[in-house]
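These notes concern the structure reproduced below.
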């Protein structure tokens with residue numbers, strides 16, 4: 001395109017602007033910037049109003065409500081973390097691929113493949129046809145994606161059980177195999193509720209992460225309940241900087257878990273507390 005043609009095209013653009021409106025820069029960009037700043041200032045103002053009018057004690061409400069209702073309990077065993085609703089489909093997908101060998105497929109594999117296919121659509125389908133009846137493959141694919149995400153989102157939103165509750169259901173089996181005492185059985189329930197099987201395996205259940213060992217026969221080493229109680233309370237005293245500290249769970253919880261670990265000696269090893 002020659003310089004004369006460029007000047008003529010620019011002149012036509014100026015004429016169109018004068019007849020139909022103003023150019024995007026700087027007018028529209030200026031308006032967007034002003035609006036963005038206004039929204040940010042409103043958010044900051046509401047945040048300050050909420051923070052400075054609410055009291056520092058739990059439940060002390062201000063104009064926009066309290067800062068928090070109660071202090072977080074680091075020793076809780078009943079809290080079940082859940083994602084926001086728009087991640088429910090991924091949340092349930094992870095529950096499907098929960099085994100250690102396949103968890104990467106649910107967390108990385110399938111979402112990555114879906115994103116790659118989505119990015120490839122404009123490059124693979126370049127037809128000008130837009131009527132849905134003439135594009136059965138695209139319509140069916142879109143409906144399958146929508147249906148899949150809808151079903152997974154619904155299942156994720158209504159799923160009440162957790163990995164911890166699934167492991168609690170195995171306590172009867174553990175007690176029978178290991179011959180656990182009543183205290184050992186209580187410790188087994190706490191062991192399942194505390195999420196220990198996020199890193200450890202026990203009688204074929206759980207996941208092996210961060211080099212954590214299988215605990216099915218951990219008591220066969222003869223260390224005793226006192227040792228296990230001290231170890232679980234603060235593994236750092238024993239050179240383990242990876243395992244979390246459970247000292248905040250309290251003496252009763254730690255003692256019960258320690259007895260469970262002591263009685264975990266293989267089939268019949270607990271002998272009902274013997």
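Treating r as the C-beta distance of residue 137 and residue 5 and R0 as 45 Å, the FRET efficiency rounds to 0.55.
Compactness check for the range 164-263: Cα Rg over 2.2 N^0.38 Å is 0.97. This ranking places 264, 102, 2 by how few other beta-carbon atoms lie within 10 Å of each, fewest first, which gives 2, 102, 264. Ordering 64, 170 by the number of other Cβ atoms within 10 Å of each residue's own Cβ, fewest first, gives 64, 170. Entry for the range 3-66 at q = 0.16, 0.29 Å⁻¹: log10 I(q)/I(0) = -0.70, -1.07, Debye formula applied to identical alpha-carbon scatterers, no solvent contribution.
Step by step: find N for the chain, compute 2.2 N^0.38 Å, then divide the Cα radius of gyration by it. What's the final number?
1.62
When its C-alpha radius of gyration is set against 2.2 N^0.38 Å (N residues), the range 206-265 gives a value of 1.08.
Among 125, 84, the order by Cβ neighbours within 10 angstrom, fewest to most, reads 84, 125.
Once the C-beta distance of residue 209 and residue 169 is scaled by a Förster radius of 25 Å, the resulting FRET efficiency is 0.70 to the nearest 0.05. One equal scatterer on each Cα of the range 85-160, no solvent, Debye formula: the resulting log10 I(q)/I(0) at q = 0.24, 0.27 Å⁻¹ is -1.11, -1.24.
All of the numbers you see were taken from the coordinates with simple rules; none came from a lab. Since the structure is predicted, the reported quantities are computational estimates derived from the model, not experimental observations. Ideal geometry is used to build each Cβ from the backbone, glycine not excepted, and the neighbour counts take in all protein chains shown.
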